Structure formats: structure tokens, C-alpha cells
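The values are calculated or read from the model by the stated rules, or taken from the named source; none is laboratory data. Everything quoted here is computed from the prediction, not taken from an experiment. Note that each Cβ is placed from the backbone with ideal geometry, even for glycine, and that neighbours are counted across all protein chains shown.
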């Protein structure tokens, strides 16, 4: 799945209206302003997304892994949460891995809501 598709599904899960601006990020238009929205690259966007969706974030600094989970009882599939955590191997950039794990978990929620 492409980053664009991940972001579209993540936005859908959060009820955020976004569109592609022709570059590498989305633009969010509110009643007052328009700004870029990309939780894959912006920590603040990723944190807001995790909070809005009630995601649990788990980081293992030793194994260099990060997970984002959502209790899928709301969506009727608790097994998905316990058996298939969203995992990203961070290599050298644990911040990027954590943002990506958040977006992947959010995108899964967005796909399940369809």
C-alpha cells in the first residue's frame, strides 16, 4: 500500500477531510485555514491522530520496534488487536517508525469502517 493510500485511510478513520495537493503531503482545510497534514512526517499530526483514535503506542528501544494498537472491540474484532499489532522496524529512526505505525493502525481502522 502506498503512503498516499495509508494517509487517505488514516484520515477517513479520524474523520478528517484531506486531499492530495500534488506534492508529497495532504492539505487539510478548516473553516479558518488551510494547512499541510501528514502524520508520516510531522510528529504533531501523528500524535493528534493517535489521541483522536485512542491508539496505544508501544516502543521497544532494545529491539528497535514500535507498535500501535487499537482495541477493536468497537469495530467487532478484538482478535485483530491482540494477534496482529501494527509493527514497523525503526532501524535508525524510531520517530519515523512510530509515526508510520500510528498511520498504519489508523489506516486499518479506516479500512474496517468502509
Could you please tell me which pairs satisfy a Cβ distance under 8 Å, a separation of 6+ or placement on different chains, a first residue in the range 36-58 that is under 15 Å from residue 11 (Cβ atoms), and a second residue that is modelled with pLDDT of 90 or more and in a strand (DSSP E or B)? 45/37
For the range 60-69, give me each residue that is surrounded by fewer than 19 Cβ atoms within 10 Å (Cβ to Cβ) and at negative phi. 60, 61, 62, 63, 65, 69
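Name the residue that is nearest to the chain's Cα centre (by Cα), counting only residues in the range 89-114 that are at pLDDT 65 or above and not in a helix (DSSP H, G or I). Step through it out loud before you land on a result.
Applying the first criterion (at pLDDT 65 or above) to the range 89-114 yields 92-114.
Now drop any that are not not in a helix (DSSP H, G or I), which leaves 92-93, 113-114.
Details: 92: 20, 93: 17, 113: 15, 114: 17 Å.
In this case the residue turns out to be 113.
Please give the strands (runs of 3 or more DSSP E) falling wholly within the range 9-59 in which 2 or more residues are buried (at least 19 other Cβ atoms within 10 Å of the Cβ) and either modelled with pLDDT of 95 or more or touching a strand residue (DSSP E or B) at 6+ places or on another chain (Cβ under 6 Å) (or both).
Values: elements: 18-20, 26-29, 34-37.
Counting at least 2 such residues, we get no strands (runs of 3 or more DSSP E) at all.
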Find all pairs meeting these conditions: Cβ atoms under 9 angstrom apart; at least six residues apart or on different chains; first residue within the range 91-107 and on the phi > 0 side of the Ramachandran plot; second residue outside any helix (DSSP H, G or I) and surrounded by fewer than 20 Cβ atoms within 10 Å (Cβ to Cβ). 91/64
